[in-house]
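Some notes on the structure that comes next.
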Amino acid sequence: VIVDVVFNHVGSPAHPLFIDKAYYFRTNADGGLTNWSGCGNDLRVESAMAERMLIEALEHWVRAFNVDGFRFDLAELLGTNFLKKADAYLKKIKPDIVMIAEPWSFRGHIAGELKTSDYASWNDGFREFVPAYLGGRSNVEAAKYFIGGSVGGVANEPWQSVNYVESHDDRTWIDRITENHDKNGHHPTLHDRRNTHLMMSLMTMSLGVPMWSAGMEMLRSKRGVNNTYQNGDLNALDYERLREFPATVAYMRALNRFRIGSHGRALRAKHLSDGYLRFFEVPGSSAVGVLYNAAGNVHARRLMYFINPTNTHVKFALEG
């Protein structure tokens, strides 16, 4: 159980704003509240009592409910100092605590700073890469980078990259990539469904931590609406789609079983050593192949994976 904590801003009714506005909240030169959260009030985490309040809240979740970890919303607004302090504090209570950051806000991005920590980060680069790659707008080098867990970029180790293409915010995957002109994937085309299966295989076979959003297995659609936080009907899961798209449901189930099973051990590498991955390319094509555990240095089966996002057949040369 990973608890999503939203400490970067507060809501209503009365809260610390009415205790000491300038102490608990960030303000601009005119004394107004800053809005890098998009919610109109950014908590001033660097104040001693605000920091204490958040640390004690996290401690309570761990001690009272024994949660496995936390995902920090808009973690850039909390800052690396607080995030590392929270991690160190909680590890004294639960050494295997899982810490995940949404590493951006409207102000900036801190995934690079978190590479030297024990945090994993939501990988927004992966989110943008997959539809671009399947849509013919990306290339082999990008595919190699993201299949390799984004190591050398936003991650020092594969486990630091939380790979995803859809979350609770914004459009669903199928609405985002659908051929339908109104971005409404409620009735996906055959091409939409084929691209979804390619996406699912790419998510499964990329090093890092795959993050699936509820309903993706049944091609969940919000009927093209981008921001649905006030639309309960669009956010609800339509389980009739389980019967409408059984092949996609079965495909994701099979991929997940493979990934977490003994055959998929090579995909769960915590460290990317030299020679662990060997890539295969086709001149002039964005198709790519990869051999996992290529050097045979890890106690795991060697795996091969090929993906061709184009509309033409390709032939890989595996010798050499």
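The values are calculated or read from the model by the stated rules, or taken from the named source; none is laboratory data. It should be emphasised that the depicted structure is a prediction, and the values quoted were computed from it without experimental measurement. Here the Cβ positions follow ideal geometry from the backbone for every residue, glycine too, while neighbour counts run over all protein chains shown. Heavy atoms of the whole protein, side chains included, go into the accessibility calculation; ligands, DNA and RNA do not. Shrake-Rupley method; radii C 1.70, N 1.55, O 1.52, S 1.80 Å.
Tell me, what is a quarter of the convex hull surface for the C-alpha atoms of the chain, in nm² with one decimal? Intermediate results must be reported in sequence, preceding the final value.
Values: hull surface 77.8 nm².
The orientation-averaged projected area of the Cα hull of the chain comes to 19.4 nm².
Can you tally the net charge around MET218? Count Lys and Arg as +1, Asp and Glu as -1, for every other residue whose Cβ sits under 12 Å from the Cβ of MET218.
Counting the neighbours of MET218, the net charge comes to +1.
I'd like the antiparallel share, as a percent to the nearest 5, of DSSP beta bridges with both residues in the chain.
Looking only at bridges with both residues in the chain, the antiparallel portion is about 45 percent.
For ASP118 and ALA48, what is the calculated FRET efficiency with R₀ set at 30 Å and r taken between the beta-carbons, to the nearest 0.05?
Efficiency for this residue pair is about 0.80.
Restrict the search to segment 1-98; then list the trypsin sites (Lys or Arg not before Pro) that DSSP places in a loop and that have at most 10 other Cβ atoms within 10 Å of their Cβ.
Here the trypsin sites (Lys or Arg not before Pro) that fit, given the DSSP loop and packing criteria, are LYS92.
Would you mind counting up the charge near ARG302? Only other residues with Cβ under 12 Å from its Cβ, with Lys and Arg at +1 and Asp and Glu at -1.
That works out to +3.
Filter the cross-link list LYS21/LYS222; LYS21/LYS94; LYS21/LYS84; LYS222/LYS315 down to pairs whose alpha-carbon distance in this structure exceeds 30 Å.
Numbers: LYS21/LYS222 38 Å; LYS21/LYS94 34 Å; LYS21/LYS84 26 Å; LYS222/LYS315 38 Å.
With Cα atoms farther than 30 Å apart: LYS21/LYS222; LYS21/LYS94; LYS222/LYS315.
Report the GluC sites (Glu not before Pro) located in segment 211-320 that are in a DSSP loop and have at most 16 other Cβ atoms inside 10 Å of their Cβ, or state none.
Loop-located and lightly packed - GLU319.
Over segment 240-320, with the other protein chains present, what is the accessible area per residue in square angstrom, probe 1.4 angstrom?
Details: 5100 Å² over 81 residues.
Counting only protein heavy atoms, the per-residue value for segment 240-320 is 63 Å².
Just grab the label-to-label distance for HIS263 and TYR239, each label 7 Å out from Cα along the Cβ direction, in nm (one decimal).
2.9 nm
Among the listed pairs LYS91/LYS115; LYS92/LYS270; LYS144/LYS183, which are separated by more than 26 Å between their Cα atoms?
As for pairs spanning more than 26 Å Cα to Cα, those are LYS144/LYS183.
Considering only protein heavy atoms, with the full assembly of protein chains and a 1.4 angstrom probe, order PHE18, PHE279 by accessible area, largest first.
These residues rank, largest area first, as PHE18, PHE279.
Compare ALA143, ALA22, ALA294 in a GNM of the chain, Cα atoms joined below 10 Å, and give the one with the largest fluctuation.
Most flexible of the set in this elastic network: ALA22.
Just to check I understand the Karplus step: with θ = phi - 60° and J = 6.51 cos²θ - 1.76 cosθ + 1.60, what whole-Hz values come out for segment 306-314, glycine and proline as x?
10, 9, 10, x, 8, 9, 10, 6, 10
With the cut-off at 1.5 for a/c, could you classify segment 238-294 from its C-alpha gyration tensor as rounded, prolate or oblate?
It is oblate, given that a/c is not under 1.5 and a/b is not larger than b/c.
Output needed: percent of Cα pairs per 10 Å distance bin for segment 198-320, bins running from 0 to the one holding the longest distance.
11, 32, 31, 19, 7, 0
Give, in nm to one decimal, the length gained when the segment between VAL140 and THR312 is fully stretched (0.36 nm per residue of separation minus the Cα-Cα distance).
Extra length available between VAL140 and THR312 comes to 60.4 nm.
Let me know the shape class of segment 1-144, please: from the alpha-carbon gyration tensor, a ≥ b ≥ c as square roots of the eigenvalues, rounded when a/c is under 1.5, otherwise prolate if a/b is greater than b/c, or oblate.
Oblate is the answer for segment 1-144, as a/c is 1.5 or above yet b/c matches or exceeds a/b.
Are there chymotrypsin sites (Phe, Trp or Tyr not before Pro) in segment 135-244 that DSSP puts in a loop and that have at most 12 other Cβ atoms within 10 Å, and which ones?
Values: sites: TYR145, PHE146, TRP159, TYR164, TRP173, TRP212, TYR229, TYR239; in loops: TYR164, TRP212, TYR229, TYR239.
Answer by residue number: TYR229, TYR239.
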